[in-house]
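Below is one structure, written out as structure tokens; comments come after it.
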Amino acid sequence: MKNKNGLTNLYLVLVFAVLYAPILYLMYYSFNSGGTMHKFEGFTLDYYREVLQDTRLMIIVINTLVIALLSSAIATLIAIIGALAIQRVRSRRAKNTLLSLNNVLIVSPDVIIGASFLILFTIVGIKLGFTSVLLSHVAFSVPIAVLMILPHLQEMSPTLTDAARDLGASRRDVLTKVILPIIKPGIFSGFFMALTYSLDDFAVTFFVTGNGYSTLSVEIYSRARQGVSLSINALSTLIFLFTILLVIGYYFLNRRKNRPAGPLSGPAAEMGVPR
């Protein structure tokens, strides 16, 4: 057993080393005063100052955050409605069909999805820019959020909603005071997953961005094609640290939500529903 645990730990160390070594290498040379990624000559923060003083880049950062937050919020709202609708379907075949259709965008290659959205927006007449990027991000974020929310609905006992209705609760009260509080962890999970996918997406965004509008992923790609610059390292480091803060925030939020509640606390107690 000790040998097996040792091999498992070694495997995990190797996996994390492969994943994080390039990121740490990139972060390390973002402080290099030599201007290259071959030899570290001295410590400097010039590239971080360059990034923060770049007005165009700051506008692109704001564009990226606005798109990510707005698309994640819209996608989560649609996903809540979609998950509730799928859960209400009685036919097993129909439910499996809906789940399969929901998963199509997740398993489809990003290049195909991006090209499809480009053709659609061109035919419909939607100008490439903020609107096209927002719609495409909402579209590929909805299936992810649905997959995060649906398991919590499936775990919820139907007797809770039945008891709430028997006690005189309206449909709105059942939704807002029983169902939504129970699936709240799934809602937060779906929102943060959609936010991560939106911030990270390149392929789909590359197809649907127009002249004068860009996001961070597309901008980093464009700058990397012009040549190696340590300002890209500095920008990537800031994005990575921001992502870590999001993950830590989600971890503590989820940990707080999962604390054991008292015997009469929670949505069931608010509605007078016996546990």
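The values are calculated or read from the model by the stated rules, or taken from the named source; none is laboratory data. It should be emphasised that the depicted structure is a prediction, and the values quoted were computed from it without experimental measurement. In this analysis, Cβ positions are derived from the backbone assuming ideal geometry, glycine residues included, and neighbour counts consider all displayed protein chains. What goes into the accessible areas is simple: the full protein's heavy atoms, side chains included, and nothing from ligands, DNA or RNA. Shrake-Rupley method; radii C 1.70, N 1.55, O 1.52, S 1.80 Å.
Here are some notes:
- Any chance Leu19 is touching a residue at least 60 places away in the same chain (Cβ under 8 Å) and open to solvent by 60 Å² or more (accessible area, probe 1.4 Å): no
- Checking Met156 against (1) closer than 18 Å to Gly186 by Cα; (2) at pLDDT 85 or above, the condition it does not meet: (2)
- Subset of segment 23-51 (residues that are surrounded by 15 or more Cβ atoms within 10 Å (Cβ to Cβ) and of a type in the set (A, V, I, L, M)): Leu26, Met27, Met37, Val51
- Annotation note: of Ile59, Ile113, Ile119, Ile86, the sole residue that is open to solvent by 60 Å² or more (accessible area, probe 1.4 Å) and within 24 Å of the chain's Cα centre (by Cα) is Ile59.
- Members of segment 156-188 that are open to solvent by less than 20 Å² (accessible area, probe 1.4 Å), under 30 Å from Ser108 (Cα atoms) and assigned to a helix (DSSP H, G or I): Gly186
- Selection from segment 190-202 of residues that are open to solvent by 20 Å² or more (accessible area, probe 1.4 Å) and assigned to a helix (DSSP H, G or I): Phe191, Phe192, Met193, Thr196, Tyr197, Leu199, Asp200
- Among residues of segment 24-38 that are under 13 Å from Tyr48 (Cα atoms), those with a beta-carbon under 7 Å from a residue that is among the charged types (D, E, K, R) and surrounded by fewer than 17 Cβ atoms within 10 Å (Cβ to Cβ) at least six positions away or on a different chain give the pairs Asn32/Glu41; Ser33/Glu41.
- Condition check for Ser108: open to solvent by less than 60 Å² (accessible area, probe 1.4 Å) and of a type in the set (Ser, Thr, Tyr): yes
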